[in-house]
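Colleague: Please see the structure below; I have some questions.
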């Protein structure tokens, strides 16, 4: 009897030990994140919003993965091979990966994802055009797929790491329907979707079976907070752990720095600001005037004084993290005397009027434009600032070529590839290029697109930046930092330049 | 009575229709939802934008879109949001209760404060409590609500940490937004109660009530106040409309997921179906409340019932 009891006790003990050993490492704690926008849908094909990507990078995976260090590493594909002519990429897929609903991830899921993106469903959203280079996806075997391309796309592997290229579950979508999938996303990612309340927030829980290892926290709670002061107040009250950019205004940086429980984390982001020139009409049609304007403005002082150092000055319209950035490219120096001379040479009379169009809701740019305006006054010009409602500026003013002599352009491509910016800004006939028609520049821009050799392409991109600098097509201003406000109880958090913060390694006290 | 009611209801419907037409027309002047949904993307061609426009249905002529919207209204089908495709009825279904409960909480705060204060001011006319209350009300009138809201957050949420700084989550989350809105309404209402009370106190029936030997409380709150109520009620009806308009700012500061937030985001995204529907519902509500107030007069004042 006694023996039996001991034996059963031992048995129970052994069983419980086995159970503990078998259960994945204990995930504990809840992390609350504030997001500045509600994307409305969680379907990868539906949106361009960074707020979507901040959450979705935890739900979905792409074939490739790019983390905060911006290095491209394997994601759901273990390896890949690009054909000689750059028109075929073969992916070897990771095996034994399951979607959150239990269905297996395999070559069929990859094919389904891209058929959907490039087909009717993708046509309703803005993502399709980014993947237009893909002609079709062919299943070779359950763990191998071929991407057949219409033309080589050197940025494709990066684009497969985010947004529209996130791999989605075929059976789930077929069974539940597209509308259901919008608000109940299922992926292969580190966290599983729990619930979504429009305008309030979205909740995720740890996926213990995640192929990259179980997350170290159990729950993620994202709250949509659109008002900067409110987001910071929630952070100060300890109800939000991480405030994701772009929401913390420069003016609130000291508030966060001054709070001993909080930490300000700031990294260069993708967003750049420039005042571009109307190169077609008025005095700025003359390259000497454009150069004079660039030389009249002290960008360093603007960055230090107005942006409180939360940005870096640029000489070309791209972030220092972008492919095509040339540290050796020298912009025009700050030289008001030289500027005056150039203006005189171009026959610009003192007091010549000049209009600067900016986004009315951009508080920082409103201050920057004031500063630019006084620099221009100092060299004898007479600038006026015209703030526009954002969508009016973007719809009716810039693309229609109705801007003043200078107009604000804000740009931030998550791929960190200068092509994304340069092609849209400088190629003839592009929406964001209402004025410039330059065959030589067009040729340069077109020549790099099919190049598969990254080093070769980078060289051309640098040439483009140098060419634009030479023609003084814009007054480059600054590359803003991505500013995160973080509660110190959050450990092991790395701020990402592109807002895509994967939180599987993060822990909380 | 039936004739009067029918006429009023038809008038109300006509007004709502005009509002929808103006809003539907005006928002379409302000920008292209396809371009906004493609913001931040790489190379977006005109063909891509056209695809999105077709998917959203904004490629059709204005009158087709507008009558489609009206047809949907008849069956309470408000269409789907351009941002994410959630049915608008579902969005309004969660936002409307949030806004209405906040509006009523604000009215409640204002009534609870303004009646006793107004009566006190009237009965101590020219003495210090009256002066103090009038100064308080003047200060209240000059406060912008976003400033008051920010100050409350700084004090009660950050310094003292008694209340949540924002959100829509249980009783405690109502306190600051309702007090913000309520205090500003109180500033106006106190003056209204005071003035009408002064008028009433001069009347003969109050003198009679006092002469009967009724307690002062009974005179004030039973006899005099009831006669003030009609003025107050009319005013609350008018205020309700203003309240729903003013709530946008307060909702934003407190991150309240109500109709204001919905409208604000819809404007930014040129989300036509959401904005049209939110404004239609709000205007129907405001018009409806005013209709009810008209009818409620009869309940309070029997003289109107017989007229």
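Where a number appears in this text, it was derived from the coordinates with a stated rule and is not lab data. It should be emphasised that the depicted structure is a prediction, and the values quoted were computed from it without experimental measurement. All Cβ positions, glycine included, derive from the backbone under ideal geometry; neighbour counts span all protein chains shown.
Colleague: Length gain on complete extension for the stretch residue B:139 to residue B:54, per 0.36 nm per residue less the alpha carbon to alpha carbon distance?
Modeller: 25.3 nm
Colleague: Still on this structure, please answer the following. Across peptide B:156-167, how many C-beta atoms of other chains are within 10 Å of each residue C-beta, on average?
Modeller: 5
Colleague: Let me ask another. Give the relative contact order (percent, whole number) for the range A:359-422; include only Cα pairs under 8 Å separated by 6+ residues. List each step's numbers first, then the result.
Modeller: Details: 32 pairs, mean separation 17.5, N = 64.
It comes to 27 percent, rounded to a whole number.
Colleague: In addition: Any chance you could check the Cα centroid distance between the range A:121-146 and the range B:190-230 for me, in angstrom?
Modeller: Cα centres, the range A:121-146 to the range B:190-230: 78 Å.
Colleague: On a 0 to 90 degree scale, rounded to 10, what angle separates helix A:363-378 from the longest Cα axis of chain A?
Modeller: 20 degrees
Colleague: Per residue of A:119-129, what is the mean number of Cβ atoms on other protein chains within 10 angstrom of that residue's Cβ?
Modeller: On the way: counts 0, 2, 1, 1, 5, 7, 7, 14, 3, 3, 11.
Whole-number average of other-chain Cβ neighbours for A:119-129 is 5.
Colleague: Please report, to two decimal places, log10 I(q)/I(0) for chain B at q = 0.15 Å⁻¹ as given by the Debye formula with identical point scatterers on the Cα atoms and no solvent.
Modeller: Computed log10 I(q)/I(0) values: -1.21.
Colleague: Ranked by Cβ crowding within 10 angstrom, fewest neighbours first, how are B:287, B:13 ordered?
Modeller: Ranking B:287, B:13 by Cβ neighbours within 10 Å, fewest first, gives B:13, B:287.
Colleague: Now, a different point. May I ask for the angle, rounded to the nearest 10°, between helix B:259-269 and the longest principal axis of chain B, with both axes built from Cα atoms and the value confined to 0 to 90°?
Modeller: The angle comes out near 30 degrees.
Colleague: Angle, helix A:107-118 long axis vs. longest principal axis of chain A, Cα atoms, 0 to 90°, nearest 10?
Modeller: With both axes taken from Cα atoms, the answer is about 30 degrees.
Colleague: Tell me whether the range A:144-209 comes out rounded, prolate or oblate; compute the Cα gyration tensor, take square roots of the eigenvalues as a ≥ b ≥ c, and use a/c under 1.5 as the rounded threshold.
Modeller: The shape class here is prolate.
Colleague: Ranking A:301, A:507 by Cβ neighbours within 10 Å, fewest first, what do you get?
Modeller: Least crowded to most crowded, the residues run A:301, A:507.
Colleague: If you don't mind, there's one more thing I want to ask. As a footprinting exposure proxy, order B:222, A:216, A:92 by other Cβ within 10 Å, with the fewest listed first.
Modeller: Exposure proxy ranking, most exposed first: B:222, A:92, A:216.
Colleague: Go ahead and estimate [θ] at 222 nm for chain A from helices alone: -39,500 (n - 2.57) per DSSP H run with n ≥ 4, summed, over the residue count, rounded to 500. Numbers along the way, then the final one.
Modeller: On the way: 16 runs with 158 residues, N = 509.
The helix contribution divided over chain A gives -9000 deg cm²/dmol.
Colleague: Could you check what % of the DSSP bridge pairs in the protein assembly as shown are antiparallel, to the nearest 5?
Modeller: 75 percent
Colleague: If you don't mind, there's one more thing I want to ask. Is the shape of the range A:272-480 rounded, prolate or oblate, going by the alpha carbon gyration tensor and its root eigenvalues a ≥ b ≥ c, with a/c under 1.5 for rounded and a/b larger than b/c for prolate?
Modeller: Rounded, because the longest to shortest axis ratio a/c is under 1.5.
Colleague: While we're looking at this one, here's another question. Stretch residue B:112-residue B:4 to full length: gain in nm at 0.36 nm per residue minus the Cα-Cα span?
Modeller: Working: separation 108, 0.36 × 108 = 38.88 nm, distance 3.38 nm.
This chain segment gains 35.5 nm when fully extended.
Colleague: Here is a further query. With springs connecting C-alpha atoms under 10 Å apart, model chain B as a Gaussian network and identify which of B:288, B:170, B:246 has the largest mean-square fluctuation.
Modeller: Maximum fluctuation in the GNM of chain B, among the listed residues, is at B:170.
Colleague: Using only alpha carbon pairs under 8 Å that are at least six residues apart, calculate the relative contact order of chain B and give it in whole percent.
Modeller: 26 percent
Colleague: How many Cβ atoms of partner chains, on average, are near each residue of A:384-392 if near means within 10 Å of its Cβ?
Modeller: Mean shielding count: 2.
Colleague: Next up: Given labels modelled 7 Å from the Cα in the Cβ direction, how far is it in nm from residue A:115 to residue A:329?
Modeller: Each label point lies 7 Å from its Cα, and together they span 4.3 nm.
Colleague: Sticking with this structure for a sec: Once a ≥ b ≥ c are taken as the square roots of the eigenvalues of the Cα gyration tensor of the range A:376-423, is the result rounded (a/c under 1.5), prolate (a/b larger than b/c) or oblate (a/b not larger than b/c)?
Modeller: oblate
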